[in-house]
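The values are calculated or read from the model by the stated rules, or taken from the named source; none is laboratory data. Quick caveat: nothing in here was measured; it's all calculated off a predicted structure. Cβ: placed from backbone, ideal geometry, glycine included. Neighbour counts: every protein chain shown. Surface accessibility is based on the protein's heavy atoms, side chains included, excluding ligands, DNA and RNA. Shrake-Rupley method; radii C 1.70, N 1.55, O 1.52, S 1.80 Å.
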Amino acid sequence: MNEKTIDLSGFSLLDLFGAQERNLKFIRQIFPKVKIVVRGTTLKFAGDADEIERFEEKINGFLQHFEMYNRLNEDDIIQIVDSDSKFKLSEHTKDKDVLVHGRNGKQIKPLTANQKKLAKACEENDMVFAVGPAGSGKTYTAVAMAVRALKNKEVKRIVLTRPAVEAGENLGFLPGDLKDKLDPYLQPLYDALRDMLPQQKLIDYIEDYTIEIAPLAFMRGRTLDQAFVILDEAQNTTEMQMKMFLTRMGKSAKFIVTGDITQIDLPRNQSSGLLHALKILKNIKGLSIVQLTEKDVVRHRLVTEILKAYSA
């Protein structure tokens with residue numbers, strides 16, 4: 001009898017195998033001649049050579065499917081088992097607009113024409129500026145593009161950053177250490193990632209710096225190679241900060257800069273680095289500027305009406 005093991009660390013076993021190990025029990029029914037045991041984060045399976053080879057091929061298919069779609073159910077298992085060839089992600093992708101599958105298989109895709117334009121610009125250019133009002137999906141779409149690039153092994157890591165500018169609140173009076181003070185500013189980036197990655201996978205990525213979330217000041221002096229880098233709330237950068245950030249770009253990197261020019265929180269004596277960059281960089285080849293509007297707002301309908309009122 002042959003025996004093999006597969007390391008499942010990095011996977012949420014509850015999400016992978018389902019409540020009360022429903023998926024695992026179903027897999028055992030399909031492979032009755034293979035002894036399947038899970039100990040901690042290790043999957044052990046034993047049986048005859050032919051059975052072991054077939055099971056290993058299919059279990060790798062299950063894991064690939066789960067890693068791409070963040071979902072595995074009995075229908076998925078049957079589809080992969082019944083496939084004559086090795087599992088290929090492209091064969092299971094039905095909607096070309098889907099950027100990434102979020103938690104529980106949620107399809108995350110552009111919902112408006114300008115969001116689609118942003119996604120296409122990210123595919124065709126190494127640097128993209130996405131400018132638009134609150135709720136227009138610029139940050140969410142950018143994070144989805146970054147997660148997709150990471151899953152497709154187009155980049156080795158994701159770097160998400162924001163300027164820590166006080167928008168009417170006093171940073172110094174917040175409790176805790178530096179991380180505790182800065183995390184509230186970075187919370188929208190965490191929220192987007194939680195929508196797109198299983199909790200355990202996100203924790204692992206953050207712990208090993210595959211995903212890094214940091215204030216803009218921490219970017220100084222670095223060269224970011226093979227990374228998908230997003231600068232959020234860029235309207236609150238100074239001209240020098242913007243120049244510093246843009247020149248961090250290394251080889252095989254993707255940069256997306258997002259911002260809302262109607263919500264600049266800088267002191268009155270400082271000009272926005274985003275406004276300056278949009279003015280001087282608009283004719284550079286390989287750099288795209290995408291403008292989103294109130295029509296792209298995908299929050300509550302009142303948000304669109306509120307934006308129109310403030311614009312008026």
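Scanning segment 242-271 for residues that are of a type in the set (D, E, K, R) and within 20 Å of Lys156 (Cβ to Cβ), which turns out surrounded by the fewest Cβ atoms within 10 Å (Cβ to Cβ)?
Only one residue tops the list, namely Lys251.
So, Leu189, is that one touching a strand residue (DSSP E or B) at 6+ places or on another chain (Cβ under 7 Å) and farther than 30 Å from His65 by Cβ or not?
Details: touching a strand residue (DSSP E or B) at 6+ places or on another chain (Cβ under 7 Å): yes; farther than 30 Å from His65 by Cβ: no.
No; evaluated as a whole, the condition is false for this residue.
Looking at Thr5 and the list (1) touching a strand residue (DSSP E or B) at 6+ places or on another chain (Cβ under 8 Å); (2) open to solvent by less than 60 Å² (accessible area, probe 1.4 Å); (3) of a type in the set (S, T, N, Q), which single condition is not satisfied?
Status for Thr5: all satisfied but (2).
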